[in-house]
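Peer 1: Pasting a structure here, questions to come.
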Amino acid sequence: MTDISNFFELNQKDDCVYFMGDKLECYISERYANFGYLDISDKIYTVGIFAMKINDSIDCGINLNAGILIEPSNIEHVTIDDEKYVLATLKRGNKLMCRLSFLQDDKLYYTMWREFLSVGHLPKCFNYDNIATIFDNSKFATGKGISIDHTVLEVIYAHLFRDPDDLNVFYRLTNMTKKPAMVTMKSVAYGPSGTFAKIAGSYAQEGYNSALLNQADKSNELEDLFRG
């Protein structure tokens with residue numbers, strides 16, 4: 001993984017983080033505006049979770065579960081893979097964070113969980129290798145986390161990533177040579193692995209279709225209980 005720390009300067013005296021490279025592009029989802037976490041003027045207030053590109057060559061991202069204020073040189077709107085983004089471009093000396101302090105927001109954790117995992121609008125900077133870290137700083141940044149072991153979260157992430165050629169196959173069961181696809185937690189067609197879970201959950205018609213097209217090769221304990 002590329003070390004990008006030399007492109008940024010955390011300046012305690014000026015209470016900000018400066019960008020020290022030649023060009024920084026921040027791809028901020030316009031969907032953040034739906035939750036009150038995107039405000040654009042000469043500066044941009046947004047959630048500190050988005051993909052970035054440094055000097056047109058280094059793909060990276062920022063992962064801070066808090067609202068930050070960005071001072072860009074240029075702001076435009078772009079569409080990539082049918083997703084709409086605010087593209088904030090910073091030049092040397094611009095501020096990626098105009099202040100180091102932030103207010104804890106206990107609603108942000110739920111909002112981001114729903115946006116990234118339930119709905120599936122995951123920032124491009126996250127993948128199968130680093131998804132497990134996405135909420136690691138949430139308790140510090142939002143004042144609220146979830147009281148479960150990190151392993152439980154890793155199980156959820158492993159459940160969502162699938163074989164790009166067959167979404168019924170978990171990515172961890174493939175040879176992992178291709179970039180994985182991702183299903184959402186709300187996906188009835190691919191989320192549940194058992195027949196009963198598909199037809200008994202929400203969106204029953206979609207579940208029926210999935211159960212008929214993708215028949216399970218083994219039953220689970222809940223199905224055996226209802227059969228008995």
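Peer 1: Within 14 Å, Cβ to Cβ, of Phe7, how many net charges do the neighbouring residues add up to if Lys/Arg are +1 and Asp/Glu are -1?
Peer 2: Residues close to Phe7 contribute a combined charge of -1.
Peer 1: Which order results if Leu96, Leu173 are arranged by neighbouring Cβ count within 10 Å, fewest first?
Peer 2: Placing the least packed residue first, the sequence is Leu173, Leu96.
Peer 1: Calculated FRET efficiency, Thr2 and His150, Cβ-Cβ r, R0 22 Å, to nearest 0.05?
Peer 2: For Thr2 and His150, the calculated efficiency is 0.35.
Peer 1: In whole Hz, what ³J(HN,Hα) sequence does region 69-85 give by Karplus (6.51, -1.76, 1.60; θ = phi - 60°), x for Gly and Pro?
Peer 2: Coupling constants for region 69-85: 10, 10, 10, x, 7, 8, 10, 8, 10, 9, 10, 10, 6, 6, 9, 9, 10 Hz.
Peer 1: Extending each Cα 7 Å along its Cβ direction at Cys60 and Tyr128, get the distance between those two points in nm, one decimal.
Peer 2: 2.5 nm
Peer 1: Using amide H atoms built in the peptide plane, which far-off residues or other-chain residues are under 5 Å from Arg162 H to H?
Peer 2: Tyr171, Ala181, Met182, Val183
Peer 1: Which whole-Hz couplings ³J(HN,Hα) result when phi for each residue of region 115-120 is put into the Karplus expression 6.51 cos²θ - 1.76 cosθ + 1.60, θ = phi - 60°, listed in order with x for Gly and Pro?
Peer 2: Once θ is set to phi - 60°, the couplings for region 115-120 become 5, 7, 9, 5, 9, x Hz.
Peer 1: Looking at region 1-39, which trypsin sites (Lys or Arg not before Pro) are DSSP coil and have at most 13 other C-beta atoms within 10 Å of their C-beta?
Peer 2: Passing sites in region 1-39 are Lys13.
Peer 1: Which order do Ile156, Ile68, Ile28 fall in if you start with the one that has the fewest other Cβ atoms within 10 Å?
Peer 2: Ile156, Ile68, Ile28
Peer 1: For Lys13, list the aspartates and glutamates whose Cα falls under 20 Å from its own Cα; do not include residues on the same chain fewer than 8 positions away.
Peer 2: Glu71
Peer 1: Can you give the extra length, in nm with one decimal, that the chain gains between Lys186 and His77 once fully stretched, where that is 0.36 nm per residue apart less the Cα-Cα distance?
Peer 2: 36.4 nm
Peer 1: Report the full-extension gain for the segment Lys43 to Leu100: residue separation times 0.36 nm, less the Cα-Cα distance, to one decimal in nm.
Peer 2: Result for the pair: 19.0 nm of gain on full extension.
Peer 1: Continuing with the same structure: How would you rank 53-61, 107-115, highest first, on the average number of other Cβ atoms within 10 Å across their residues?
Peer 2: 107-115, 53-61
Coordinate-derived values only; no laboratory data. Predicted model only: the values in this text are computed from it and were never measured. Glycine gets a Cβ as well: all are built from the backbone with ideal geometry, and neighbour counts include every protein chain shown.
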